[in-house]
Amino acid sequence: MTWVRFQGTRLACIPTYPTKIHNPSIPRPMTPFDILPLQAELADKNPRTILKKALAQFDNIAISFSGAEDVVLIDMALAIRKDIQVFSLDTGRLHPETYRFIEKVRKHYQIDIELLTPNRDELDSFVKAKGLFSFYEDGHQECCGIRKVEPLKRKLAHVDAWITGQRKDQSLDTRQTIPEVQVDSAFSSPGQPLIKFNPLINWTSAQVWDYIEAYQVPYNDLHQHGFISIGCEPCTRPVLPNQHERAGRWWWEAGAKKECGLHAGNIKEN
């Protein structure tokens with residue numbers, strides 16, 4: 001109890017309470033204002049350092065898995081923490097080799113992989129109205145929105161952070177300014193920022209494959225047939241020598257800023 005005096009006269013007493021000190025061993029919810037010092041701390045750090053920080057900072061965090069880069073992240077993450085969440089988008093249009101790849105990874109690491117599927121009613125209405133190959137006529141965004149973005153949005157609404165395999169060299173137009181960690185502007189909700197970690201952002205494709213060979217990491221058999229960036233079967237083809245890896249994605253569309261919507265925040269309007 002503290003007494004207050006005014007001009008020498010004791011007027012009233014005010015109860016005092018002990019100051020609550022945050023226990024640093026208990027992670028606090030991250031606000032958008034926390035991201036700047038974290039970005040500074042992780043800038044130019046190696047993937048293991050970034051993963052270690054991400055997995056220590058967040059309990060409810062998941063790794064997005066689809067390609068070779070993501071298995072490298074799984075391989076690294078399991079050496080840090082065994083209880084990692086891994087999910088993959090099953091669009092219903094993947095190559096048979098990709099489905100076998102998912103199963104190969106599941107068995108190799110003895111982990112659960114959550115498969116996210118499109119909303120059945122929304123997909124049925126879309127296919128009934130436009131058929132199975134409308135993206136060749138009016139672009140891939142609507143199909144990707146139903147088969148990829150909506151299931152991802154559902155999943156990310158239930159995590160505090162996610163880890164991606166994005167690299168700067170995957171796109172000279174949309175991925176050059178991505179930091180090691182960021183607030184995901186595409187999937188954050190009011191009052192609940194979603195944090196996205198990009199541990200491999202400064203690695204090259206060559207570094208990814210050096211790791212895969214050195215540590216015998218599983219990979220998609222399609223890589224042995226000229227495929228580099230692998231998406232849905234109708235929208236992916238092998239690339240020619242010296243072509244950029246994204247040249248095999250949505251090749252019928254003009255323009256270089258090719259994103260399916262999972263990383264929509266990468267595309268800046270002119």
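The values are calculated or read from the model by the stated rules, or taken from the named source; none is laboratory data. Computed from a prediction, not measured in an experiment: that's the story for all the values here. Using ideal geometry, Cβ is built from the backbone for each residue, glycine included, and neighbour counts are taken over all protein chains shown.
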Residue within segment 215-222 that is within 18 Å of the chain's Cα centre (by Cα) and either farther than 23 Å from L78 by Cβ or modelled with pLDDT of 95 or more (or both) present: no
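So that you can scan it fast, the table gives a plain yes or no per residue for (1) hydroxyl-bearing (S, T, Y); (2) surrounded by fewer than 17 Cβ atoms within 10 Å (Cβ to Cβ):
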| residue | (1), (2) |
| --- | --- |
| V71 | no, no |
| D75 | no, no |
| A79 | no, yes |
| K82 | no, yes |
| F87 | no, no |
| T91 | yes, no |
| H95 | no, no |
| R100 | no, yes |
| E103 | no, yes |
Residue in segment 131-139 that is small (G, A, S), in contact with a helix residue (DSSP H, G or I) (Cβ under 7 Å, 6 or more places away or on another chain) and under 21 Å from S229 (Cα atoms) present: no
Matching residues in segment 142-189 - criterion: being over 18 Å from E69 (Cβ atoms) and surrounded by fewer than 16 Cβ atoms within 10 Å (Cβ to Cβ): E142, R154, A157, H158, D173, T177, S185, S189
Per-region count, segment 57-98, residues of a type in the set (D, E), assigned to a loop (DSSP other than H, G, I, E, B) and in contact (Cβ under 8 Å) with a residue 12 or more places away in the chain: 2
